[in-house]
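For reference, the structure is listed below as structure tokens.
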Amino acid sequence: MLPSHPRIARLGWLGEQEKFDAFAAADVVVVPSRYESLSIVALEAWRLGKPVLVNAGCDVLRGQCLRSGGGLWYDGYAEFRESLRMLLDHADLRARLGAAGRAFVDREYAWAAVEAKYRELAERAFVHSTSP
């Protein structure tokens, strides 16, 4: 259960405009799930230049933070508290992480990049299926 705090908003389900308004107003986006195969929330946050703070128990999110440079991860409450405090206290760090996350999304998930990955996969499958 999330504790009551003036700087934490429990929003529940949001429509698209409300969701992007919430991202725009956020300093940091926390993704606490340990069970993500790909976090659309993290990608949307990065696309808007927001850093993420993710659960280190999720290999996928921790790996995306490492590859993108767009966020930090925590293992347990003490690391969560200190990482969040550091992010909230240092606007320059938030800006650097958010910019790195945006560049990662642009590089890896822009339509042209996704299309190129699918074309390469299809070409490899075709070559593999036609070789003796």
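General remarks:
- For Glu44, the conditions (1) within 20 Å of Leu87 (Cβ to Cβ); (2) assigned to a helix (DSSP H, G or I); (3) over 10 Å from the mean Cα position of the chain (by Cα); (4) not hydroxyl-bearing (Ser, Thr, Tyr) are fulfilled apart from (3).
- Single unsatisfied condition, Asp27 versus (1) buried (at least 19 other Cβ atoms within 10 Å of the Cβ); (2) touching a residue at least 60 places away in the same chain (Cβ under 8 Å); (3) not hydroxyl-bearing (Ser, Thr, Tyr): (1)
- Scanning region 69-121 for residues that are more than 18 Å from the chain's Cα centre (by Cα) and outside any helix (DSSP H, G or I) returns Gly76, His90.
- Residue count for region 56-86 under the criterion of being closer than 22 Å to Phe104 by Cα and touching a residue at least 24 places away in the same chain (Cβ under 8 Å): the result is 12.
- Residue within region 72-82 that is in contact with a Lys or Arg (Cβ under 9 Å, 6 or more places away or on another chain), surrounded by 18 or more Cβ atoms within 10 Å (Cβ to Cβ) and not small (Gly, Ala, Ser) present: yes
Any read-out appearing in this document is the output of simple, stated calculations on the displayed coordinates, not a laboratory observation. Remember, predicted model here, so these are calculated numbers, not experimental data. For neighbour counting, all protein chains shown are included, and Cβ atoms are generated from backbone atoms with ideal geometry for every residue, glycine included.
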